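Heads up, the thing below is written out as C-alpha cells.
The values are calculated or read from the model by the stated rules, or taken from the named source; none is laboratory data. Note that the structure is a prediction, hence the values are computed from the model and not measured. Methodologically, a virtual Cβ is constructed for each residue, glycine included, from the backbone with ideal geometry; neighbour enumeration extends over all protein chains shown. Just the protein is used for accessible areas: all its heavy atoms, side chains included, with ligands, DNA and RNA removed. Shrake-Rupley method; radii C 1.70, N 1.55, O 1.52, S 1.80 Å.
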There are 2 protein chains.
Amino acid sequence: MAAIGEAEKARAAFWFEELRDRICAAFEAIEDARTEGPFSDLPAGRFERKATTRDGGKGGGGVMSVMRGGRVFEKVGVNISTVYGELAEPAQRSLTARKEIPGLSGDPRFWASGISLVAHMRSPRAPAVHMNTRMFWTPGAAWFGGGADLNPMIEIPEDTADFHAAMRGACDAHDAAYYPRYKAWADEYFFIRHRGVARGVGGIFYDDLATGDWEADFAFTQDVGRAFLKVFPELTRRRMGEAWTDAEREIQLVKRGFYAEFNLIYDRGTKFGLETGHNVEAVLMSLPPEAKWP
Amino acid sequence: MAAIGEAEKARAAFWFEELRDRICAAFEAIEDARTEGPFSDLPAGRFERKATTRDGGKGGGGVMSVMRGGRVFEKVGVNISTVYGELAEPAQRSLTARKEIPGLSGDPRFWASGISLVAHMRSPRAPAVHMNTRMFWTPGAAWFGGGADLNPMIEIPEDTADFHAAMRGACDAHDAAYYPRYKAWADEYFFIRHRGVARGVGGIFYDDLATGDWEADFAFTQDVGRAFLKVFPELTRRRMGEAWTDAEREIQLVKRGFYAEFNLIYDRGTKFGLETGHNVEAVLMSLPPEAKWP
C-alpha cells in the first residue's frame, strides 16, 4: 500500500463537505414539503452556518450547520471539521477503540476529518438520528470510522427495519462480514450502561477500518453516507404528517434526556471534542433542544 | 484516636436521616406558604419517599425523597443512603480526591452514609441549590466530605452574599482556615471545564476530612447541614413571590442544561453512584426536571 498522504486527506475532507451539502439540501426540502399540521405555519427551517475552530484556529476547525425551530426538525446539527496537531494523552485514549493509537508512538501528530450529524425532530413519531463518518491519520496509519443509528422515541418496527436494510445495503456492497459485525458493534456502543437500555434501535458502528485498501475503505465510508442520505429523509417524510399526542411528546422529552446522558457520559466523539478543545457549541450540538428528567 | 466503629457509623447515619426530615419539613412549609402568584393554585407540594437499593440490596441502600411539581419547588430530591461492600477499582478512583483510598489497601471493604440534595425551582429568580454531606469508612480510616453550593439562574448578589455568610459561619465555628480553603475548593470543583464557566456562585466543598478528632469533624459536618437548613429556605422565601418573565425562564432552562452537563461529565458523586450500582433513579435525581440546549 502506498503511503496515505495529502491527496487522500483532501479527497476525504471534500467528500464530507459534499455529503453535508446534500444532506442540508434534503432536509431543507423536507421543511418546504411540510405544509399542513402542527408547526407548518412556521417559516420553513433553514440551516445557519458558522465556522468553528479548534485551539483558537491553530488546530484546524470546521463548519457547524444548524437548523433550529423548523416545521419538522426541532434542532438538527451537521458539523464538518478537519483538525490536526499533536495529541495529548487523554484525547488519544478517547479517539479509538484500541488501547494504542496506531502509528502514533514517538510522533504525536494527527489529522482527522469527518462529518457528524444529530437530528431531533418535532414529532415524537419521527425518529431522531445520529450519523458520523470520519477519517483519521497519524504518521504511521490511516483509518476510517463511523456509523449511523436510529433513535425513535416511539418505536415503529417498519422504520427500524428500513433503516437497518439501508445500512446493510451499504455494508453488503463491500464485505458480507461488515453488517453483522458493525450492527453488533452499534448495539454494544450505543448502550446506556447505567440504565441497562439501548439508546435507540441501533444501526451500524465501525472504527479502525484500515483493510490495506484505502480506496475501498473510503468507498465504503461514502456508501454509509449515501445510504443515510437515502433512508433517513424517507422515514422522516413517512412520519412527519402523523398526528401526535401530548403523552407522546412527554415520552420524547424523557427519551431525549437518556440521549443527553449517553452523549455526555459515554460518547467517544464528545469526549474527544471536549478534550481537544474544539468549539464547545459544535461538540455539544448533539444535545436535544429540550429534555426532561421528571 | 480510638478506632471508628459501629457507634460512630450509626450516629452519622442517624444524623443524615434527621437532617433529611428537617429539610423536608422546611420545604413543605414553604409550599404551604405560597398562596399567590404563578403555580400557587397547585396543591402544595409534598415529598414522596421510595426505598432505593444498591446491588439489589446486598450493598445497602437508602431512601429517596422527591417532591415534584410543587408551587415553589419544580423538583427537589433529598436522598439518604448507607451503602457498604467491597469497592471495585474504578469506583475507588471516583470516591475521593486522593489518588489512593485511605485504609483500603489489601482490604476492599467500605461503608458510606450521606445525604444529598438538589433543588430545582419554579422561579428563575429563586436559586437552585445542591447540598451533600457524607461519612466514609474503610478498615483503616474514616472521613467526612460534603458541601453546599448555590446555583442561581439569575444572580442576585444579596443572595450570594447571604449563602456564603452562612457557610462561613459553619466553618468559622470550627477552624478559621476552613472557609477560605473550602470556598476555594468549591470554586475549583464546581467548574464546567469545557465551557470555562463556574456552575454557580460557589459555596463550600470539602473532602477527606479526618483531623484525628472524629467528634469535631462530625460536629462540623452537622453544622454545614444546619447552616444550609437555615439559609436556603430564607433565600427561597425571599424570592418566591417575585414575578418572572418568559425570557428569565429560558435563561433558567439553558443554565439547567449546563447543570446537567456538569453532573453527567464531572460530578464525582454521580460517577460513584453509577459505578457502584446504586439505583439510577436516585443517582440521577439531581438532573433538572426540564432543560434546554437551544
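So which of A:50/B:292; A:58/A:183; A:183/B:75; A:9/A:255 end up more than 29 Å apart by C-alpha?
A:58/A:183; A:183/B:75; A:9/A:255
Computed from the mean reciprocal separation of all distinct C-alpha pairs, what Kirkwood hydrodynamic radius does chain A have, in Å?
Computed over Cα pairs of chain A, the Kirkwood hydrodynamic radius comes out at 19.4 Å.
Using only protein heavy atoms and a 1.4 Å probe, report how much of residue B:215 is accessible, in Å² to the nearest 10.
90 Å²
Can you give the convex hull volume of the alpha carbon atoms of the stretch B:120-179 per residue, in Å³?
Roughly 91 Å³ of hull volume per residue.
Note the buried accessible area between B and A here, summed over both chains, with a 1.4 Å probe, in Å² to the nearest 100.
Accessible area lost upon association: around 1800 Å².
Would you look at the GNM of chain A, springs on alpha carbons closer than 10 Å, and say which of A:213, A:21, A:187 moves the most?
Top of the fluctuation ranking is A:213.
Where the centroid of each part is defined by its Cα atoms, how far is the stretch A:7-66 from the stretch B:120-199 in Å?
One Cα centre to the other: 41 Å.
Rounded if a/c is under 1.5, else prolate if a/b is larger than b/c, else oblate: which is the stretch A:116-266, with a ≥ b ≥ c the root eigenvalues of its Cα gyration tensor?
Values: a/c = 2.32, a/b = 1.65, b/c = 1.40.
Prolate.
Which percent of the accessible area of the protein assembly as shown is formed by carbon and sulfur heavy atoms (probe 1.4 angstrom)? Walk me through the numbers on the way to the answer.
Values: 12180 of 23220 Å².
Summing carbon and sulfur atoms, their accessible area is 52 percent of the total for the protein assembly as shown.
Using the crude model of +1 on Lys and Arg Cβ and -1 on Asp and Glu Cβ, and no other charge, please compute the dipole size for the protein assembly as shown relative to its Cα centre, in debye to 20.
I would put it at about 340 debye.
Summing -39500 (n - 2.57) over the DSSP H runs of n ≥ 4 in the protein assembly as shown and dividing by its residue number, what mean residue ellipticity at 222 nm do you reach, to the nearest 500 deg cm²/dmol?
Dividing the helical sum by the residues of the protein assembly as shown leaves -13500 deg cm²/dmol.
Could you bin all the Cα-Cα distances of the protein assembly as shown into 20 Å bins starting at 0 and give me the percent of pairs in each, rounded to whole numbers?
Spelled out per bin, shortest first, that is 19, 48, 29, 3.
For peptide B:259-272, what's the mean number of Cβ atoms from other chains within 10 Å of each residue's Cβ?
Across the residues of B:259-272, the mean count of other-chain Cβ atoms within 10 Å is 3.
Where in the stretch B:202-286 are there trypsin sites (Lys or Arg not before Pro) that are in a DSSP coil and have at most 12 other Cβ atoms within 10 angstrom of their Cβ?
Filter output for the stretch B:202-286: empty list.
Quick one: which residues, 5+ away or cross-chain, put their amide H under 5 Å from the amide H of residue B:202? H built at 1.01 Å from N.
Here the answer is B:150, since their amide H atoms fall under 5 Å of that of residue B:202.
Only Cα pairs within less than 10 Å get springs; with that Gaussian network setup on chain B, which residue of B:42, B:209, B:117 has the largest fluctuation?
B:42
By its C-alpha gyration tensor, with a ≥ b ≥ c as the square roots of the eigenvalues, how is the stretch A:198-294 shaped: rounded for a/c under 1.5, else prolate for a/b larger than b/c, else oblate?
Numbers: a/c = 2.55, a/b = 1.35, b/c = 1.90.
It comes out oblate by the Cα gyration axes.
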